[in-house]
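Taking it in order: structure first as structure tokens, then the write-up.
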Amino acid sequence: MYPSMRVVGHRPTVPSAFVRIRASEAAAGIGGRLIGPDVEFTGASFDSRSTRPGQLFVPIVADRDGHEFIGAARDAGAPVHLTSEPDPYRRDGTAIEVADTAQALLALAGWARRRLDAHVVGVTGSVGKTSTKDLMAAACGAGKRTTANEKSFNNDQGLPITILNAPDDTEVLILEMGMRGFGHISRLCEVARPDIGVVTVVGDAHTELVGGLDGVAIAKGELVETLPGSGTAVLNADDPRVAAMAARTGAAVLTFGAAGDVRTSDVVLDAAARASFVVDTPWGRGRVRLAVPGLHMVTNASAAIAVAGIVGVELGSAIDALSTATLSAMRMEVCTAPTGATVVNDAYNANPTSMRAALEALAAMRADRRVAVLGLMGEIEDPEPAHRRIAEYASALGVELVAVGTDLYGLEPTTDARSTIGDLGPGVAVLVKASRSAGLERVVAELLAE
């Protein structure tokens, strides 16, 4: 499997065929200039460390100039690369010369998307989009050959790479779409051309980039505005700002949640905070049991069931798949320390909305003692009161709080979370969560090292 791609499906014994593209054809498709022999490539990569033989290498100019790694990518087996600079690595190889490699990557993915005969699902939201994408890949994969981005490859580099790496027999392509300001999701949709658009929640994430929650709703709603009339907007009926997006699309609308067309009820949490619930859909009724913790996963799973139904997956098959579905790393990832303690690794990202949901999941777990190791929540308006409210919420839930790397929670931050926690026996449950920049996976490693 190529990096940034997850393939699941109902035909696991049949190998997927990756689309073979001629360099001359790609150059013509994006207005580039072919230099060197006309060769074929399959898929693409922008990281020379994970480039596979046969892939196109795309050097991105960012903190480091990706052109420096063209030689390494060629050594890894890349037969062709993009370039926007005089190319000392070309020698007898092949390059496609373009004005801007990042823009050329988007253009190439848009060109490849037009050759793909599949349902394309765009997923966005302030929280839950990666978990929803993972659950959706499992549910859709129960009946359709499904490809989804790995990790959170949801930006101008990750999304086009996922499209280019999709096998040619893909029936459902699921693409997570992040937001870094107004117009960003619209730009991703121009490339991906989704026919199904899913919006999970409008919450306190990246609010400083768009002027608050209403700005977040405007930016996230760009997804449903781009859908064709033949498409479907899949909206969270329990979030008023998301539900209101129905007025912004010419596509059909299918809602999910406790008040949705795909409706959840009779929710029960087990000792590990894993939910089971009844789901009523236009295609039937069933009871769902999830393998991942958190009450908020019920909403994410109902969105997954909604999309699976739209693309024609039988309800029972989708429900069975959800019973064993797992999430991407560092998303409510439950581990057991050698001491017997339960460690919940949710260190990939955080905002006030997702932080409250994670704390609720921790509070619902059967334990004698519950501890939350929390770091900075980035890119939110008014960060001090936002962090203080989370500290108050943790206290109200009976959760001990350990702050790392920030004093915004109103506590003196520790430099040794393990020692601060103290006893880490079998009756202890620890949540570790912060924005990605905090790097709290190091704390998880310390807790699991004993």
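The values are calculated or read from the model by the stated rules, or taken from the named source; none is laboratory data. All values derive from a computational prediction rather than experimental measurement. Here Cβ is always computed from backbone atoms with ideal geometry, including for glycine, and neighbour counts include all displayed protein chains. When the accessible area is computed, the model is the full protein with side chains, heavy atoms only, and any ligands, DNA or RNA have been set aside. Shrake-Rupley method; radii C 1.70, N 1.55, O 1.52, S 1.80 Å.
Report the GluC sites (Glu not before Pro) located in the range 333-411 that are in a DSSP loop and have at most 13 other Cβ atoms inside 10 Å of their Cβ, or state none. Passing both the DSSP loop test and the Cβ count: no residue.
What the range 16-61 shows is 44 Å² of accessible area per residue, with the surface traced by a 1.4 Å probe over protein heavy atoms.
Looking only at Val39, Val242, Val279, which one moves most when the chain is put into a Gaussian network model with springs between Cα atoms under 10 Å? Most flexible of the set in this elastic network: Val39.
Averaged per residue, the range 97-227 has 28 square angstrom of accessible surface, using a 1.4 angstrom probe with ligands and nucleic acids left out. Counting only protein heavy atoms and a 1.4 Å probe, tell me what percentage of the chain's accessible area is made up of carbon and sulfur. Result for the chain: 49 percent of the exposed heavy-atom area is carbon or sulfur.
Measuring spread by the Cα atoms of the chain yields a radius of gyration and Dmax of 22.5, 67 Å.
Taking the longest Cα principal axis of the chain as reference, the axis of helix 101-113 is set at about 90 degrees. When peptides 185-191, 304-310 are ranked by their average number of other Cβ atoms within 10 Å per residue, the highest-first order is 304-310, 185-191. Per residue, the accessible area of the range 242-397 comes to 39 Å² when a 1.4 Å probe rolls over the protein heavy atoms. Relative to the current alpha-carbon distance between Ser276 and Arg436, full extension at 0.36 nm per residue lengthens the span by 54.6 nm.
Short-range pairs are left out: with C-alpha atoms under 8 Å and at least six residues apart, the relative contact order of the chain is 12 percent. Taking the longest Cα principal axis of the chain as reference, the axis of helix 129-141 is set at about 70 degrees. Scanning residues 5 or more positions from Leu431 or on other chains, those with amide H under 5 Å from its amide H are Val344, Val371, Ala372, Val373, with H placed 1.01 Å from N in the peptide plane.
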